[in-house]
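The values are calculated or read from the model by the stated rules, or taken from the named source; none is laboratory data. As the structure is a computational prediction, the values presented were derived from the model and not from experiment. Neighbour counts are summed over all protein chains in view; Cβ atoms, including those assigned to glycine, are modelled from backbone coordinates with ideal geometry.
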Amino acid sequence: MRIKNTILFSFISSIFLIFLISIWKILATLQGLSIKSFNIEIIFIFGFLISLAHLGVGDRIKSIYKSIIFSSIFVFCDGYLIQKLPIWYNLGAFLILYFFTNKISKYTSIGLKEEHSTQVILFDFLTLFGILFFSFVILFPFYMMLVTSFKTQIALLVNPLDFSINFGQDIKDLFKSYFVIFKSYKFGKYIVTSTIVSVGTVIITLLFAIPAAYAVARLNFFGKTFLSTSILIIYMFPAIVLVIPLYTIFSQLGLRNSIEGLLIVYTATTLPVAIYMLQGYFKSIPKELEEAAILDKLSWFGIISKIIIPLSIPAISSVALYVFMIAWNEFLFSLMFLDNPNSFTLSRAIQYLSGDAETPRQYLMAGSVVVTLPVLFIFVYFEKYLVSGLTAGSVKG
Amino acid sequence: MNDTLANTEKKTAYILTLPAVLLVFSIILFPIFANIWISFKEVELKDIRIPEPRAKKIVKSVSDEPTKIKILYKLRNSSLIQEIKDVSFQDNFPKNFEVENLDPRCSYEKYRLKCKFGNWPAKYRENFQVELETNDGSKIDKKNLKSIKPKLDGKSDNILLNTNFTLKNFKKVLFENEFIDLLLTTFYYTFFGTVGSIVFGILTAQMVNQKFYGRTFMRSVLLFPYVAPVVALAYTWELLLDPNSGTLNSLLLNYQIIETPINLLGQKYIEISLLGFDFKLRLALTTVIMFEIWRYFPLAFLFILARLQAIPKELYEAADVDGASPFQKFFNITLPQITAVISILFMIRFIWNFNKFEDVFLLTGGASGTRTLPINVYQQGFAISDIGMGSAVSIVIVVLLLMFMFFYFKLLGKRVDEN
């Protein structure tokens, strides 16, 4: 049992080390380093030996010294003997090895004898592996989007793998793509349009949704259950099915290529979720507060504006942020309804830009960064509000 | 007393809900019925523009006579295919103008020129001229004359409103050879996209539910693909996967893992031999499904994580006492606790993936075997400009969805009964 577990442990941990070092090598390659091979076999042997040595040495040396010794040996071989690589690469490799040896330091040769230790090792390493794998897979495209926007067409043609950013150059050269899209492609105007449309949608949606949600949450009326079930069903309904009739009607009414047209459609599509999310929250507000207000002869307008709204600021902000993000990211209707560049939103403008095969891709990526940054910023900053909103309403997408 | 109270409550409720209900019904429910109507018609994109009578006013001075002026109206029917009936025309003039040699179709009263032009066939054009003179001998201000715009009016059939119906669209949609292919593609895309995103959702939720350094950061990062705009993400992926200069192909070539670049988004099939079997994989479709999974597993992750955090800790403690292994705990405690969430997620994601348009449209435009039903709506309606066909495809989508929901709820209902 012990020998089997020792081998298994060393095997898994060395696979994990291969994975760590490979990610580092990919990132280093993309900084223009000429790394032609992952040297999987060598790293496997290293990982295996380090794990065995770690178990063998045990407590005889302090674990911090152990980590530093193992890491240094690895870095010396990998970054100097096999291929001479720059200091920053080796420093990174050293930190990775330090992290790795720290991770394995909690396993001891005695612990490996315990029941289920095979599964515990597997489970632990799968979790670690998963965290790193998913972080990499998710962040990599975002990282590439950002670094590509700082490169030039010629630099990418010379070496398609060199995404290193030269911070020494002039600010104007570094942000050239951004200057171009704002100057020649009128992105400033599109930002304004997108902002007006998104903020407008938020305001109108809230104006319509708050009273409706209050009625659904509190008042008794004929057709209430019908209304609340149809809200959910409408929410499931596909936007692509609405496109053709809305296109024909909007064409005949002259609402295409107008901000008003987009506002109407965005408000209508976000209203069901907004009502659904808000009424759930309104129901949780104690009824006694309103009963006192009714005795004071407050009208429904007074009740909503003086009691309900001040008490549900968190829910209302979560709905507002959420509706803003839907409107900002929306693409289908802006594709269908806008064909005059003067009324484009950001998403539509980027799609239009990509339609021209001549457009250098760093401009496309700069545009993508411009449209993505506000959303990610809002999301990270207000995450607490948004996550509760997301699970309550389950975002449409 | 109670009765009146209930009545005012009802009234208030209707006033409060009416704006929202009206808007949603007119923008969402009405179009669905309009779709049914249009799907039985032969309508093309160019037919939906209402034909308009138009006039361009050109003011010409008459040489040597400053008190006289000629006005040329370039009249035309804006439509290339439809007739306009009973065209009427009206233009106003300053109060010192008299008309000379008036056209028999027109009358001039109170400084107002009115004409009845009768019917204009499609593409109709006419140059119509009027001569005027001031009756007090004053000079003519050409700019002022030009600034007054003539008004035109006419009647035309709105092709959308007549009652000519046909079954042609549905025959074309359902009985053309590609329909089966279209259905299969849509099904693969929807099913594998849904299952993939749920599987990854379970894995990531299980991961984040454990304690580790940077856990809240990890939770935010996992949601990035879901909250970022699809346009930006699709173009980034396209750039990464490009066969000529894409980063992925360059990397694989650099490490000598492949010898020639793979066109992940532009190649329909790829031959793969596995365990001695050769089979063809739908390459572009697989890539598009990967994007789909990548973009939507965060939703599954969020839902499942919320459920995992609600599982009582005592269950795991009891299992520890019994000496259960981590995998036993996962399969015997965790999984049964999240089946309800998974079945809801499956339905939501299945429906939404079935209708997903933007992702495929931006990545491949529906080429190389990635044409799904929603893409077909767009292609029929806007690329081929056959609005009627596009509507018919939309109706097929709605019917399929309703069928899916019906069976899903029946199945689900049965399982709930058994428990």
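Can you work out which of the residues in segment B:30-42 that are facing another protein chain (nearest Cβ under 8 Å) and within 14 Å of B:Q380 (Cβ to Cβ) is farthest from the chain's Cα centre (by Cα)?
B:I38
Taking segment B:200-214 only, how many residues are in contact (Cβ under 8 Å) with a residue 12 or more places away in the chain and surrounded by fewer than 17 Cβ atoms within 10 Å (Cβ to Cβ)? Steps first, answer last, please.
So the first thing to find is which residues in segment B:200-214 are in contact (Cβ under 8 Å) with a residue 12 or more places away in the chain, and the list is B:200-202, B:204-206, B:208-209.
Going one step further and asking which of them are surrounded by fewer than 17 Cβ atoms within 10 Å (Cβ to Cβ), we end up with B:209.
Residues flagged as in contact (Cβ under 8 Å) with a residue 12 or more places away in the chain and surrounded by fewer than 17 Cβ atoms within 10 Å (Cβ to Cβ) within segment B:200-214 amount to 1.
Filter segment A:306-338 down to the residues that are of a type in the set (S, T, N, Q) and farther than 15 Å from A:R218 by Cα, then identify the one that is surrounded by the fewest Cβ atoms within 10 Å (Cβ to Cβ).
Step one: of segment A:306-338, the residues of a type in the set (S, T, N, Q) are A:312, A:317-318, A:329, A:334.
Subset that is farther than 15 Å from A:R218 by Cα: A:317-318, A:329, A:334.
Working: A:S317: 14, A:S318: 24, A:N329: 25, A:S334: 24.
The residue in question is A:S317.
Do you know which residues across segment A:216-250 are in a helix (DSSP H, G or I), farther than 30 Å from B:Q379 by Cβ and facing chain B (nearest Cβ under 9 Å)?
We begin by selecting, within segment A:216-250, every residue in a helix (DSSP H, G or I); these are A:216-218, A:224-236, A:239-250.
Add one more test, that the residue is farther than 30 Å from B:Q379 by Cβ, and what stays is A:216-218, A:224-232.
Answer for segment A:216-250, where residues must be in a helix (DSSP H, G or I), farther than 30 Å from B:Q379 by Cβ and facing chain B (nearest Cβ under 9 Å): A:V216, A:R218, A:K224, A:L227, A:S230, A:I231.
Please identify the pairs in which a residue from segment B:215-244 that is more than 7 Å from chain A (Cβ to nearest Cβ) and surrounded by fewer than 23 Cβ atoms within 10 Å (Cβ to Cβ) has its Cβ atom under 7 Å from the Cβ atom of a residue that is assigned to a helix (DSSP H, G or I) and β-branched (V, I, T), counting only partners at least 6 apart or on another chain.
B:R215/B:V208; B:R219/B:V208; B:L241/B:T287
Go through segment B:122-166 residue by residue and tally those that are within 30 Å of B:S39 (Cα to Cα), surrounded by 11 or more Cβ atoms within 10 Å (Cβ to Cβ) and not charged (D, E, K, R).
Qualifying residue count for the region: 8.
Within segment A:335-397, which helices (runs of 4 or more DSSP H) (wholly inside it) include 3 or more residues that are modelled with pLDDT under 90 and more than 10 Å from chain B (Cβ to nearest Cβ)? Steps first, answer last, please.
Working: elements: A:346-355, A:361-381, A:383-393.
Ranges flagged: A:383-393.
Residue under question is A:S34, and the condition is that it be more than 18 Å from A:L95 (Cβ to Cβ) and either part of a loop (DSSP other than H, G, I, E, B) or touching a strand residue (DSSP E or B) at 6+ places or on another chain (Cβ under 6 Å) (or both); does it hold?
On the way: more than 18 Å from A:L95 (Cβ to Cβ): yes; either part of a loop (DSSP other than H, G, I, E, B) or touching a strand residue (DSSP E or B) at 6+ places or on another chain (Cβ under 6 Å) (or both): yes.
Criteria met by A:S34.
Test of understanding: among A:Y80, A:Y98, A:Y107, A:Y89, which residue is aromatic (F, W, Y), in a helix (DSSP H, G or I) and at pLDDT below 85? Break it down stepwise before answering.
On the way: A:Y98 fails: at pLDDT below 85; A:Y107 fails: in a helix (DSSP H, G or I); A:Y89 fails: at pLDDT below 85.
The match here is A:Y80.
Taking segment B:291-304 as the search range and keeping residues that are more than 10 Å from every other protein chain (Cβ to nearest Cβ) and out of contact with any Asp or Glu (no Cβ under 8 Å at 6 or more places or on another chain), which one is nearest to B:T364 (Cα to Cα)?
Among residues in segment B:291-304 that are more than 10 Å from every other protein chain (Cβ to nearest Cβ) and out of contact with any Asp or Glu (no Cβ under 8 Å at 6 or more places or on another chain), the one nearest to B:T364 (Cα to Cα) is B:I293.
So which of A:V158, A:V216 is under 26 Å from B:P243 (Cα atoms), of a type in the set (V, I, T), over 25 Å from the mean Cα position of the chain (by Cα) and not assigned by TED's automatic domain parsing to the domain that holds A:F100? Don't jump to the end; show me each part of the working.
On the way: A:V216 fails: under 26 Å from B:P243 (Cα atoms).
Criteria check complete, one pass: A:V158.
Sort through B:S368, B:S394, B:S385 and tell me the only one that's over 25 Å from B:F170 (Cβ atoms) and either within 13 Å of chain A (Cβ to nearest Cβ) or in contact (Cβ under 8 Å) with a residue 40 or more places away in the chain (or both). Don't jump to the end; show me each part of the working.
Numbers: B:S394 fails: over 25 Å from B:F170 (Cβ atoms); B:S385 fails: over 25 Å from B:F170 (Cβ atoms).
Exactly one residue qualifies, and that residue is B:S368.
Kindly provide the set of residues from segment A:118-173 that are under 30 Å from B:S325 (Cα atoms) and in contact (Cβ under 8 Å) with a residue 60 or more places away in the chain, ordered by number.
A:T118, A:I121, A:L122, A:F125, A:L128, A:F129, A:L132, A:F133, A:F136
Can you work out which of the residues in segment A:199-215 that are facing another protein chain (nearest Cβ under 7 Å) and of a type in the set (A, V, I, L, M, F, W, C) is nearest to A:A315 (Cα to Cα)? Outline the logic, then answer.
Narrowing segment A:199-215 to residues facing another protein chain (nearest Cβ under 7 Å): A:208-209, A:211-212, A:214-215.
Add one more test, that the residue is of a type in the set (A, V, I, L, M, F, W, C), and what stays is A:208-209, A:212, A:215.
Numbers: A:F208: 15, A:A209: 12, A:A212: 15, A:A215: 16 Å.
Among those that are facing another protein chain (nearest Cβ under 7 Å) and of a type in the set (A, V, I, L, M, F, W, C), it is A:A209.
Among residues belonging to segment A:92-108 that are surrounded by fewer than 16 Cβ atoms within 10 Å (Cβ to Cβ) and among the polar types (S, T, N, Q), point out the one that is farthest from the chain's Cα centre (by Cα).
Among those residues, the one meeting the criterion is A:T108.
Within segment B:142-169, which residues are assigned to a loop (DSSP other than H, G, I, E, B), in contact (Cβ under 8 Å) with a residue 40 or more places away in the chain and not small (G, A, S)?
B:I148, B:K149, B:P150, B:D157, B:N158, B:I159, B:L160, B:N164, B:F165, B:T166, B:L167
Identify the single condition in (1) among the small types (G, A, S); (2) surrounded by 18 or more Cβ atoms within 10 Å (Cβ to Cβ); (3) within 10 Å of chain A (Cβ to nearest Cβ) that B:G323 does not satisfy, given that it satisfies every other one.
Condition not satisfied by B:G323: (2).
I'm trying to understand the selection: among the residues of segment B:88-121, which are in a loop (DSSP other than H, G, I, E, B), under 49 Å from the mean Cα position of the chain (by Cα) and surrounded by 14 or more Cβ atoms within 10 Å (Cβ to Cβ)? Steps first, please.
Filtering segment B:88-121 down to residues in a loop (DSSP other than H, G, I, E, B) leaves B:93-96, B:101-105, B:110-111, B:121.
Those left that are additionally under 49 Å from the mean Cα position of the chain (by Cα): B:93, B:105, B:121.
Selection gives B:F93 alone.
Could you tell me whether any residue of segment B:346-353 is farther than 30 Å from B:A232 by Cα, in a helix (DSSP H, G or I), touching a residue at least 12 places away in the same chain (Cβ under 8 Å) and not acidic (D, E)?
Within segment B:346-353, the first condition is being farther than 30 Å from B:A232 by Cα, and the residues that meet it are none.
Taking every residue of segment B:346-353 in turn, none turns out to be farther than 30 Å from B:A232 by Cα, in a helix (DSSP H, G or I), touching a residue at least 12 places away in the same chain (Cβ under 8 Å) and not acidic (D, E).
Among the listed residues A:S72, A:S14, A:S51, identify the single one that is over 20 Å from A:I121 (Cα atoms), of a type outside the set (V, I, T) and either in the same structural domain as A:I131 (by TED's automatic domain parsing) or surrounded by 15 or more Cβ atoms within 10 Å (Cβ to Cβ) (or both). Talk me through it step by step, then tell me what you get.
Details: A:S14 fails: over 20 Å from A:I121 (Cα atoms); A:S51 fails: over 20 Å from A:I121 (Cα atoms).
Sole residue among the options that is over 20 Å from A:I121 (Cα atoms), of a type outside the set (V, I, T) and either in the same structural domain as A:I131 (by TED's automatic domain parsing) or surrounded by 15 or more Cβ atoms within 10 Å (Cβ to Cβ) (or both): A:S72.
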